[in-house]
1. If I stretch the segment between F132 and S42 completely, what's the gain in nm (0.36 nm per residue apart, minus their alpha carbon distance), one decimal?
2. Using 0.36 nm per residue of separation minus the Cα-Cα distance, give me the extension gain between L20 and Y35 in nm, one decimal.
3. Give me the distance in nm between label points sitting 7 Å out from Cα along the Cα-to-Cβ direction at S102 and E148, one decimal.
4. When a/c is below 1.5 the answer is rounded, else prolate if a/b is larger than b/c, else oblate, so apply that to the range 32-85 with a ≥ b ≥ c taken from the square roots of the Cα gyration tensor eigenvalues.
5. If packing is taken as the mean number of other Cβ atoms within 10 Å per residue, what is the order of 133-142, 115-124, highest first?
6. Mind listing the long-range amide H neighbours of F125? Cut-off is under 5 Å, sequence gap 5 or more, other chains count too, H placed in the peptide plane at 1.01 Å from N.
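Nothing in this text is a laboratory measurement; each read-out follows from the coordinates by a stated rule. Bear in mind the structure is a predicted one, so any value in this text is a computation, not a measurement. Heads up, the Cβs are rebuilt from the backbone with ideal geometry, glycines too, and the neighbour counts pull from every protein chain shown.
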Amino acid sequence: MNPRGMRGVYVVEFAIIGLLLFTLLFGVLEFGRLYFTVNTLSEAARRGARLAAVCDIQDPVILRRAIFNSADDAGQSVLVGNLDTADLNLSYLDESGNPVGSPASASGGFQNIRYVRLRIENFTFNFLVPGFTGVLTLPVFQSIVPRESLGGHADGAQPYDQPSNVDPSVGVTPC
């Protein structure tokens, strides 16, 4: 065997084994990213429902904080690239699990709220590995929690279901 003639064999062997090795490496990284996205969406659903249960119904900050943004950041999530507040579906439910028509109204909606539900539906995950590009639609992420204060607390002047002529910022849980 001529050692000079064998140099090309090593390059061919590395090309074959390297292709398999890098495909496996990128596959592991991509599934790790998928696992992170699934866990983040699950936590966003839980976090959003919890915030909605303790914060004021009309507070626009609830959904922004659910996707891990600051209160004044209305853009996409800082953790998951294509997650936006438009992907979240927040609803207030009565004791039988039906959505309450107008939850912010004191005439009947607010008093009927027993549960808060946040859903993330039709979220798509884009694979980034070259050659294995594709889109995966993830399942529905949902969290239902019991109604808590919905923004009011015991130190406040009036609960929300009572008419009040005092400063509305008194007794409101900031979110």
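1. Numbers: separation 90, 0.36 × 90 = 32.40 nm, distance 2.54 nm.
Contour length minus the Cα-Cα distance gives 29.9 nm.
2. Values: separation 15, 0.36 × 15 = 5.40 nm, distance 2.24 nm.
Using 0.36 nm per residue and subtracting the Cα-Cα distance, I get 3.2 nm.
3. Spacing of the two 7 Å Cα→Cβ label points: 2.8 nm.
4. Numbers: a/c = 3.36, a/b = 1.57, b/c = 2.14.
Cα axes put the range 32-85 in the oblate bin.
5. Details: 133-142: 12.0, 115-124: 18.1.
Top to bottom by mean Cβ count within 10 Å: 115-124, 133-142.
6. For F125, whose amide H was placed from the backbone, the distant partners under 5 Å are L136, T137, L138.
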